[in-house]
Amino acid sequence: MSQPITRIADEAIELLRATHERISNMRVLFNAISKDLKHGKSHDIEELASLGSFLGYDWANYVDSEVEQMQKALDTAEVAK
């Protein structure tokens, strides 16, 4: 594998690892919302849901940007062959 493609593959793997971590964080957040609902202490639900919405939106934008950059780099590497 050429140097640029190896770098892109490494970046993609790191992105997947980071995405796994963010999904795990969101799982914990949604569990907190669920527990808050079950125990009738719904005073934090709206804030927790807003936080989850923000995190999901923010991470999706970040991943979209990273994928676009990786695709451009791959396209450039293919042309350079």
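Only the coordinates and a few stated rules stand behind these numbers; no lab work does. These figures come from a predicted structure and were not determined experimentally.
Here are the numbers for the structure shown:
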read-out: Values of log10 I(q)/I(0), in the order q = 0.24, 0.25 Å⁻¹, for the chain under a Debye, Cα-only, solvent-free model; value: -1.06, -1.11
read-out: Computed lengthening from I13 to M26, 0.36 nm per intervening residue step minus Cα-Cα distance; value: 2.7 nm
